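Heads up: the structure comes next, in structure tokens.
The values are calculated or read from the model by the stated rules, or taken from the named source; none is laboratory data. It should be emphasised that the depicted structure is a prediction, and the values quoted were computed from it without experimental measurement. With ideal geometry, Cβ positions are generated from the backbone for all residues, glycine too; neighbour counts draw on all protein chains shown. With ligands, DNA and RNA removed, areas are computed over all heavy atoms of the protein, side chains included. Shrake-Rupley method; radii C 1.70, N 1.55, O 1.52, S 1.80 Å.
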Amino acid sequence: MRMERLLADLEAAQEAQERAEARAEVAESVRVEHAGVMLVDRLRAGIGSVVALSVGTETLRGHLLDVGEGWLALDRDGVHAVHGVDDLVRAGLRLVPVSAIACVSGLGRPHVAADGSSIGRGWSSVLRAMARSRAPLAWHRLGGHTIVGTIDAVSADHVVLTPARGAASLVLPLAHLAWIDVNASGR
């Protein structure tokens, strides 16, 4: 009788240890899966959500409308739809480089987005669409200075912008961009 109890206790302990190891493996699997999720994946999964972005000293709020390679479109009005880069050139949208974002709230739980419709559209394609449209924009630089004008040319790491007041063209590095208010004269 004593031996049977001892064997039953050992068997129960073994089963408990196996369950604990299985739980630990599942937990590690989940951690590894989460470790591979990039911020743009989280952002793509949050398309349609109302978010707040900390950019420099400002907080930008709106509907997360679109996410491309290194950028996102924030819709302050929540009424737009995007079918291509030309749809990003309209009043009420803000284009924000992901690299300028210090904090995001409103995304919910982490998961990878199933819809990859914006994948492959980099900053240069969006900025070239803005240059083609000759849409006036407000170029907000990190540090707080804003320039209103139109994009004349798009290069690998900078744009050439002509200020609205007719001053000489400016070369603006993308590394110092905080966000762009699209169609600035329309707001």
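Structure data summary
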| item | result |
| --- | --- |
| Residue check for A153: in a loop (DSSP other than H, G, I, E, B) and either charged (D, E, K, R) or open to solvent by 20 Å² or more (accessible area, probe 1.4 Å) (or both) | no |
| Every pair of residues 6+ apart whose Cβ atoms lie under 7 Å, when the first sits in segment 47-60 and is more than 15 Å from R76 (Cα to Cα) and among the β-branched types (V, I, T) while the second is in a strand (DSSP E or B) and open to solvent by 50 Å² or more (accessible area, probe 1.4 Å) | V55/A102 |
| Residue that is surrounded by fewer than 19 Cβ atoms within 10 Å (Cβ to Cβ) and in contact with a Lys or Arg (Cβ under 8 Å, 6 or more places away or on another chain), where the choices are L172, L177 | L172 |
| Pairs with Cβ under 8 Å, 6+ apart, first in segment 62-88 and farther than 19 Å from V104 by Cα and touching a residue at least 12 places away in the same chain (Cβ under 8 Å), second assigned to a loop (DSSP other than H, G, I, E, B) and small (G, A, S) | V79/G92; H80/G92; V82/S118 |
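Conditions tested, residue by residue: (1) under 21 Å from L53 (Cβ atoms); (2) in a loop (DSSP other than H, G, I, E, B).
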{"site": "M130", "(1), (2)": "yes, no"}
{"site": "A135", "(1), (2)": "no, yes"}
{"site": "H140", "(1), (2)": "yes, no"}
{"site": "G144", "(1), (2)": "yes, yes"}
{"site": "I147", "(1), (2)": "yes, no"}
{"site": "L172", "(1), (2)": "yes, no"}
{"site": "A175", "(1), (2)": "yes, no"}
{"site": "W179", "(1), (2)": "yes, no"}
